[in-house]
Amino acid sequence: MSAKKQKSYALEVTLVVLALVLAYFTQGIIQYANPPEASSIPSGDKTALSAGDEGVEDIVPGKSDEDKIPEFYERHLTDLAIAPDWSELDKYQYTISKRDFERELEEVYTINGKWKEWISTNEEFALIRMSAVDGEKLFKLFFATEVKQERPPKFWRTRDDLSVKDMNKPLLGLRIVIDPGHIGGDYAKVEEREFYYKDAAPVREGNLTLKVAKMLGKQLEILGAEVIFTREYLKPVNPHRPKHYHQYAHSKLTSMDLWANPAPIIRASEKLFYRAGEIKARAKHVNGDYRPDLVLCLHFNAGERSEELIQDEHFHMLLNGAYMDSEVAKDDQRFMMVQRILQRIHPEEARLSAFAADAFTSHTGLKPYQYNAESNYALNVDKNPYLWARNLAANRSYLCPVMFYEPYLMNGADSHARIIQGDYEGLRYMNGMLRPSIFREYVNAVTEGLVNYYSNRK
Ligand SMILES: [Zn+2]
């Protein structure tokens, strides 16, 4: 090799190395500029890498005291709850009349007169037991009078509180949280929201609700609303994983005199993770960060499991209420019940849900679901066959009106076929009728209910 050739060879090598180094850095810069989509999630989703226990760090960034799992189960509190701070209710002194307070307790929030074991009233005030353990600890709530009536503080606004009005944007000024029920994806099995029929693809409720949520969000934004999602992926909002609940599950099982063996502990931990833990995490964001005017909880219902698909499908909406005796007896649930009454959430929730149910049934033709009249956990609302009060973690924990949809049966003959068909534009013959996709029907039905309600603002 001549000296000249050697020189140009060295130059080539240098150039190649330089190009590689440059490419490496450019790649780095591009990656830095476009972080993976998941890192833009506002909620706790980003820590969830995979299903189950794998790949989850024990220390989750940004985890506050509020996120901590209590060390021990306490039987006078709901799963994972901590004792409420009753002084938070001081700001509601003189905001509600005795009549309204007692009427909601009687007609909406409880089923029999057992609440009187926890709350006593006279003309001036109510005395509410703060602790199931200590009967001496009482919270004194003064009723509003003709001369003294304060407004209850709250972050959400009723229809009449919204001052802006625009005929082309009927939802302008409204802040809506969309809560796609359940988690879906790899978690559908553990949360028991996965349905198989013959050789059809599996139906996962958490996937369906997310699909509807995304389509619905776009539509509501076009109509002027500000939209926030509790969940944007097939992943939990809960920063913890089932294994993190083992100690708490052990404490719960032993305090209930149940066998605290590995298998029941694992199952109890899974339930704490996807149910109480997941709703708690979502509620923390809803009440602390998002502070919306209303929450839309989207679900697909399912009938009793059987080999065959179910012919009769139905629809209903669930408002918070109908606390069972055992629920009123829990310190945190009694606190939240009183807080909802004081914020006057039910009247707005009932008005909204009535409009929502009307629109939903006109789009779907679904019949009302009928709870047993003797049931000790459900109460009909305003004699509307589609509206039922039930005390669920989600409709209790979000501190604003909640519209909780329970339409279609995932294992119903009609809906299953439509779900398997997937989304499509326009109309198609489905089960003998020309219809939109089940997803668009859901979206349009929810949208119309909201537009009908909020178009009527002052
Ligand atoms: Zn559901």
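Derivation of every value follows stated rules applied to the coordinates shown; laboratory data play no part. From a predicted model like this one, the values you see are computed outputs, not experimental measurements. All Cβ positions, even for glycine, are placed from backbone atoms using ideal geometry, and neighbour counts span all protein chains on display.
Rank the residues TRP388, TRP259 as a footprinting-exposure proxy: fewest other Cβ atoms within 10 Å of their Cβ go first.
Listing TRP388, TRP259 from fewest to most nearby Cβ atoms yields TRP259, TRP388.
Long-range amide H contacts for ASN301: which residues qualify at under 5 Å (H placed 1.01 Å from N, peptide plane, sequence gap of 5 or more or a different chain)?
Close amide H contacts, sequence-distant or interchain: TYR408, MET410.
How do SER362, SER251, SER306, SER397 rank when sorted from fewest to most other Cβ atoms within 10 Å of their own Cβ?
Going from least to most buried by this count: SER306, SER362, SER251, SER397.
Between segment 173-213 and segment 339-394, how many Å separate their Cα centres?
Cα centroid of segment 173-213 versus Cα centroid of segment 339-394: 22 Å apart.
With +1 assigned to the C-beta of every Lys and Arg and -1 to the C-beta of every Asp and Glu, and no other charges, what is the dipole magnitude of segment 159-454 about the Cα centre in debye, to the nearest 20?
Dipole of segment 159-454, to the nearest 20 debye: 680 debye.
Of the peptides 229-239, 365-375, how do they stack up when ordered by the mean number of other Cβ atoms within 10 Å, highest first?
My ranking of the peptides, most packed first, is 229-239, 365-375.
If I fit a long axis through the Cα atoms of helix 438-454 and take the longest principal axis of the Cα atoms of the chain, what angle between them do I get, 0 to 90°, rounded to 10?
Result, in degrees: 50.
Explain nothing, just the number: relative contact order of segment 52-203, from Cα pairs under 8 Å at least 6 residues apart, as a whole percent.
17
Could you sort the peptides 206-216, 78-88 by per-residue average Cβ neighbour count (10 Å cutoff), highest mean leading?
In decreasing order of mean packing, 206-216, 78-88 become 206-216, 78-88.
Explain nothing, just the number: relative contact order of segment 338-458, from Cα pairs under 8 Å at least 6 residues apart, as a whole percent.
32
Can you tell me the length gained on complete extension of the stretch GLU150 to LYS218, counting 0.36 nm per residue apart and subtracting the Cα distance?
The GLU150-LYS218 span can extend by a further 20.7 nm.
Please tell me the relative contact order of the chain in percent, rounded to the nearest whole number, where contacts are Cα pairs under 8 Å and at least six residues apart.
The normalised contact order for the chain reaches 19 percent.
What residues qualify as long-range amide H neighbours of ILE310, i.e. H under 5 Å apart, gap of 5 or more or another chain, H built at 1.01 Å from N?
For ILE310, whose amide H was placed from the backbone, the distant partners under 5 Å are GLY412, ALA413.
How do 313-321, 220-228, 280-288 rank on mean C-beta neighbours within 10 Å, highest first?
313-321, 280-288, 220-228
Considering only the chain, what is the antiparallel percent among its DSSP beta bridges, to the nearest 5?
Of all bridge pairs located within the chain, approximately 45 percent are antiparallel.
Would you please give the residues with an amide H less than 5 Å from that of ALA144, counting only those at least 5 places away or on a separate chain, with H modeled from the backbone geometry?
Long-range HN contacts for ALA144: TYR94, THR95, ILE96, SER97, LYS98.
Please give the helix 246-255 orientation as an angle from the longest Cα principal axis of the chain, in degrees from 0 to 90, rounded to the nearest 10.
So the inclination is approximately 20 degrees.
So how do TYR73, TYR196, TYR442, TYR454 line up by other beta-carbon neighbours within 10 Å, fewest first?
Lowest to highest Cβ neighbour count: TYR196, TYR73, TYR454, TYR442.
Using the reciprocal of the averaged 1/r over all distinct C-alpha pairs, how large is the Kirkwood radius of the chain in Å?
24.6
Provide the net charge surrounding HIS316, with neighbours chosen by a C-beta distance below 12 Å and charges set as Lys +1, Arg +1, Asp -1, Glu -1.
0
Once both axes come from the Cα atoms, what is the angle between helix 262-271 and the longest principal axis of the chain, in degrees from 0 to 90, rounded to 10?
That works out to roughly 80 degrees.
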